Amino acid sequence: MARRAPHRILLNLVLDSLIACLALPAAMLLDAPGAWPPATWWLGALPGAVLALLLAGLPVRLPQQYWRYAGLPDLLGICGAALGAALLFWGGLEVLGAWVPPNPAFPAIHAITLGALLGAPRIAGRLHHARPLPEATLAPQPVLLVGAGDGADIFIRALAGERQPAFRVVGILSMRARQTGRRIQGHPILGTAEEIAAVLDRMKEEDRLPALIVLSTHHVQGLALERLLDAADRHGIPVRRAPSVTSLDPAARRLADRLEGKAGQGMGVGARLKLDPVAIEDLLDRPQIPLDREGMARLIQGRRVLVTGAGGTIGGELARQVAALGPAALTLLDHGEFALYEIDLELRERHPDVPRRAVLADIRDEPRMRRLLEELRPELVFHAAALKHVPMVENNPLEGLLTNALGTRVVADAAAAVGCLAMVFISTDKAVNPTSVMGASKRLAEMYCQALDVQARLAGRGMRCVTVRFGNVLGSTGSVVPLFRRQLERGGPLTVTHPDMRRYFMTVREAVGLVLQASVIGAEDSASLGHAQPPELAEGGIFVLDMGKPVKIVDLARRMIRLAGLRPEEDVEIRFTGLRPGEKLYEELFHGQEPPRPTEFKGLLVATPRTADPALVGRAIDEIAAAARAGSPRAALAQLGRLVPEFDHNAEGAEATAAR
């Protein structure tokens with residue numbers, strides 16, 4: 001049980017009792033100065049006034065109020081206690097037949113006087129502890145807020161609650177023109193976010209340029225955020241984002257302080273408001289795509305689900321979103337012990353009610369995978385396990401072929417053998433016209449999954465193989481964003497292979513949401529799930545996520561430098577290192593022989609399948625695996641080239657080959 005502070009509560013009782021004794025003669029003087037009761041009357045009246053206040057203060061817990069944190073609810077409680085005490089005191093005089101003030105309005109005057117005397121010291125205590133420390137030597141930084149809604153209001157209130165604020169609001173920019181000219185807590189709205197360039201120029205002429213721009217709304221994204229960053233960059237002003245509303249709210253911050261054992265410190269120097277950096281994801285400007293959440297729940301809920309590569313970025317997010325949909329059982333499979341431990345621990349904390357199992361296994365070990373799936377009997381398999389880093393696979397091509405091609409075949413065959421309803425295979429845009437071993441190995445895996453899917457659809461039974469292809473995921477393991485962050489922490493330089501290199505990007509949450517959406521569309525049919533297959537998917541196909549427009553990597557580097565409050569080429573160098581083996585300048589989402597078709601869901605397209613016999617592809621994968629196990633990369637890559645004729649291996653990182 002938590003310890004109380006009896007000495008503080010007792011002190012409040014004593015002080016409130018003294019105030020009750022003081023309020024009674026003060027009310028008598030205000031009510032009728034000439035009508036003064038006899039001296040003997042006070043001997044019973046003063047204890048009666050104290051008792052009345054104590055009784056009236058019990059429902060609102062008056063003695064337990066924290067004076068320095070007194071707010072509107074506390075003041076309302078004081079008013080109620082004062083009114084109740086005045087009525088109880090007046091009623092006691094009537095019942096006892098004691099001397100009664102001649103003015104019938106005395107209870108109201110008594111209540112007002114008592115309420116004012118009770119509230120005054122509490123308000124004074126709040127104001128005293130909210131004032132800046134006299135010994136403060138650092139002047140607060142002037143900031144310009146962007147966003148004139150609740151976020152700005154709470155941000156300003158949070159600053160007012162600090163004893164030594166680090167920031168001082170000098171103006172606000174709104175998202176709507178009609179708010180210009182108005183004020184929020186005395187701070188002027190100088191214009192709209194679109195007018196930031198003109199507003200900053202005007203403030204510079206008036207010699208009151210802010211030291212920082214703070215985004216108090218999440219509505220500034222994409223192109224609007226890019227323009228804002230450009231305007232701020234011209235004046236050398238860094239841009240930051242205000243914390244979430246809950247962390248800004250004074251009550252929430254006090255609660256956090258108490259949980260950390262700082263209840264006595266309050267909003268002191270140690271409780272300074274901290275700003276967050278603007279996330280690179282905010283610059284993608286990707287609209288929210290509505291998803292069929294009911295369809296996802298219908299697909300996942302009550303079913304046994306297996307996620308391979310669960311310790312990776314995509315596999316981990318798949319595990320999170322699948323767990324939230326209520327599967328009957330969720331199996332997490334990965335070859336890396338620590339990565340598997342982390343996602344298992346996270347799901348144990350987030351979804352303790354979901355039956356879960358963490359399995360260490362190598363997807364290339366066919367006997368182990370067959371035994372495992374016979375034991376688990378999964379109804380849905382999400383296959384995200386792969387080797388995806390292009391230069392790493394170029395240096396270890398046989399490992400890439402064994403994991404990406406053979407491993408996918410092993411998982412697919414084992415899942416089909418136990419009657420799995422659907423397997424979802426996560427592919428990559430690097431499988432289109434591949435120039436790397438990684439891309440070609442993923443294309444070979446696509447071919448096998450497509451062949452199995454077409455075979456099952458033509459037969460009207462069997463496991464569906466849903467292939468989903470997309471580009472880079474921001475922040476994923478081995479991607480360029482974490483690399484740039486590490487290089488920024490060291491002070492640069494940021495390394496980019498080529499000034500014209502472009503890539504598709506999306507966030508991991510969006511990518512996995514669309515993967516699940518594709519799974520719903522691709523897996524549903526009348527035989528297995530009780531729903532008719534969409535006509536555009538009667539022959540199967542590869543689902544391709546709409547990745548938007550490709551982003552130049554050098555532009556991404558510049559944006560990240562600016563988001564860190566630095567200047568590209570001045571504070572941080574950008575160095576071009578040349579294309580690496582297997583890389584190409586531009587990634588593609590569709591091959592020339594697989595024209596895209598739309599689906600009923602925005603954000604998802606279907607690539608027309610290039611069909612093949614699964615037995616033939618399977619035998620070719622076995623031949624490649626045999627060459628790989630024999631340590632013969634030349635034979636393995638030669639067979640890979642025959643199976644994937646568009647594979648144009650850029651083994652030396654030559655720019656001409658990569659550009660094709």
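The values are calculated or read from the model by the stated rules, or taken from the named source; none is laboratory data. All figures in this text were calculated on a predicted structure; none of them were measured in a lab. Methodologically, a virtual Cβ is constructed for each residue, glycine included, from the backbone with ideal geometry; neighbour enumeration extends over all protein chains shown.
Restricting the search to region 149-169, which residues are farther than 18 Å from Gly191 by Cβ and in a strand (DSSP E or B)?
Result: Phe167, Arg168.
I'd like the full set of residues that are touching a helix residue (DSSP H, G or I) at 6+ places or on another chain (Cβ under 7 Å) and modelled with pLDDT of 90 or more, limited to region 418-429.
Val418, Leu421, Ala422, Met423, Val424, Phe425, Ile426, Ser427
So which residues in region 611-630 are of a type in the set (Gly, Ala, Ser) and out of contact with any helix residue (DSSP H, G or I) (no Cβ under 7 Å at 6 or more places or on another chain)?
Ala615, Ala626, Ala630 - these are the residues of region 611-630 that are of a type in the set (Gly, Ala, Ser) and out of contact with any helix residue (DSSP H, G or I) (no Cβ under 7 Å at 6 or more places or on another chain).
Going through region 64-100 one residue at a time, which ones are acidic (Asp, Glu) and crowded, with 17+ Cβ neighbours inside 10 Å?
First, the residues of region 64-100 that are acidic (Asp, Glu): 74, 94.
Within region 64-100, Asp74 is the sole residue that qualifies.
I'd like the residue in region 491-516 that is over 24 Å from Val544 (Cα atoms) and among the small types (Gly, Ala, Ser) and, out of all such residues, is modelled with the lowest pLDDT.
Of everything passing the filter in region 491-516, Gly492 is modelled with the lowest pLDDT.
Please go through region 24-43 and give me each residue that is surrounded by 14 or more Cβ atoms within 10 Å (Cβ to Cβ), over 60 Å from the mean Cα position of the chain (by Cα) and not hydrophobic (A, V, I, L, M, F, W, C), ordered by number.
Asp31, Pro37, listed by residue number.
Does region 437-474 hold any residues that are hydroxyl-bearing (Ser, Thr, Tyr) and more than 21 Å from Met547 (Cα to Cα), and which are they?
Residues of region 437-474 that are hydroxyl-bearing (Ser, Thr, Tyr), as a first pass: 441, 448, 467.
Hits for region 437-474 are Ser441, Tyr448.
Restricting to region 444-457, count the residues that are surrounded by 24 or more Cβ atoms within 10 Å (Cβ to Cβ) and in contact with an Asp or Glu (Cβ under 8 Å, 6 or more places away or on another chain).
Selection size over region 444-457: 0.
Tell me which residues, restricted to region 170-225, are of a type in the set (Gly, Ala, Ser), in a helix (DSSP H, G or I) and exposed (fewer than 14 other Cβ atoms within 10 Å of the Cβ).
Ala177, Ala198, Gly222
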